[in-house]
1. What number comes out for accessible area per residue over the chain if the probe is 1.4 Å? Units Å², please.
2. Taking 51 Å as R0, compute the FRET efficiency from the Cβ-Cβ separation of residue 355 and residue 67 and round it to 0.05.
3. For the chain, what relative contact order do you get, as a whole percent, if you take Cα pairs closer than 8 Å and at least 6 residues apart?
4. To check you understand DSSP bridge types, tell me what percent of the beta bridges within the range 1-90 (both residues inside) are antiparallel, rounded to 5.
5. If you place +1 on the Cβ of every Lys and Arg and -1 on the Cβ of every Asp and Glu, how big does the dipole about the Cα centre of the range 165-249 come out, in debye to the nearest 20?
6. Between residue 253 and residue 211, what is the label-to-label distance in nm when each label sits 7 Å out along the Cα-to-Cβ direction?
7. Which far-off residues, 5 or more places away or on another chain, put their amide H under 5 Å from the one on residue 85, with H placed in the peptide plane?
8. Please report the carbon-and-sulfur percent of the accessible area for the range 25-104; probe 1.4 Å, protein heavy atoms only, DNA, RNA and ligands left out.
Amino acid sequence: MSTKTSSLSTFEVRRTDHPVPDTERAALLAAPKFGTVFTDHMARVTWTTADGWHDRRVEPYGPLSLDPACAVLHYAQEIFEGLKAYAHADGSVWTFRPTANAARFARSAQRLALPELSEADFVESLRALVEVDQAWVPRGEEMSLYLRPFMYASESFIGVRAAHEVEYLVIASPVGAYFTGGVRPVSIWVEREYHRAGPGGTGAAKCGGNYAASLLPQTVAYDHGCDQVCFLDARSATYLEELGGMNVMVVDADGTVRTPEVTGAILEGVTRSAVIRLLADAGHTVREAPVALADLLDGIRSGAVAEVFACGTAAVMTPIGRLVGDDFDVTVNGGQAGPVTMAIRTELTDIQYGRRPDRHGWMHRLV
């Protein structure tokens, strides 16, 4: 393993001696699949109660060595983030609102009793990794390099307390367009029995336990022929909260857009807040307020609701064409993607890929 310290980074770079050959990498980038292929390196920082954050480095991607008593395996003390690096036409590589992800990562850390990583370290870890693995950034239509920062309790002990040793890492995976063959509406199973999170829980934190809780309901959705699951509030099972990994929005026939308010049980999506801003820029009234399932179904049937969509990092914006439950099955906008959804989606992706001006200053150059 060769060692080189970049003059542009506070992260020591320890390059792999066995990078993926250029021809093999080119073949992988020609048709990347989400989360199945990873770049040659990963960024890493260690934390202990004695030394704080230290040993910032980029090192070869590879397996982690975990003791069987590693705290994360027993108590699920971990968090993560998700964002993308986009290749622009001039060869530069940018990411979208990384400081917002850094702030959410810090909030998640606080909720899970993990140490908070500084915004500077968070953003620099992304830059340092992308600088080393820039050749892995795909350049096709709607392709990007997905970045996955995560933090876990690495101390070896069995006892219910916050860990005294923690590891932070960033890994990267080249990904293609979320929808092959173009954007398509998805069908949603509305779950009434199971809930993603409850009042006072970890719903606002991006932690693995929330997603583990969504896996069984997701299987139920598949069993009913649906693509995704939508959760209702745990208190009354009356109001929409979010999908397994995306926020949800409703477009009324008069152009008003409604989305469940952030109450502590819903993840505050980085894409969600950007979409709200772009909708307002386009003249739409956006209301963050409870969305009752019964009212939504009545609105779809009467035509008062024109579109429903979900938004998140992976798919950006996903039109919802059908809502299904134990006692209902309704089609939204004839099962087609609506004009508001597609217009805002196009504007947002154009900003991310550098095809139109970034008037809100959302893009951050990595290399």
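1. Working: 15530 Å² over 367 residues.
That works out to 42 Å² per residue.
2. On the way: r = 48 Å, r/R0 = 0.94.
Efficiency, from the Cβ-Cβ distance: 0.60.
3. 17
4. Of the beta bridges lying entirely in the range 1-90, close to 85 percent run antiparallel.
5. Details: 5 positive and 9 negative charges, 39 e Å.
Charge dipole of the range 165-249: 180 debye, to the nearest 20.
6. 4.0
7. The answer is 145, 146, 147.
8. Values: 1970 of 3460 Å².
Carbon plus sulfur share of accessible area: 57 percent.
The values are calculated or read from the model by the stated rules, or taken from the named source; none is laboratory data. Please read all numbers here as calculations on a predicted model, not as lab measurements. Every residue, glycine as well, gets a Cβ built from its backbone with ideal geometry; the counts of neighbours run over all protein chains shown. We work out accessible area using only protein heavy atoms, side chains counted, and drop any ligands, DNA or RNA first. Shrake-Rupley method; radii C 1.70, N 1.55, O 1.52, S 1.80 Å.
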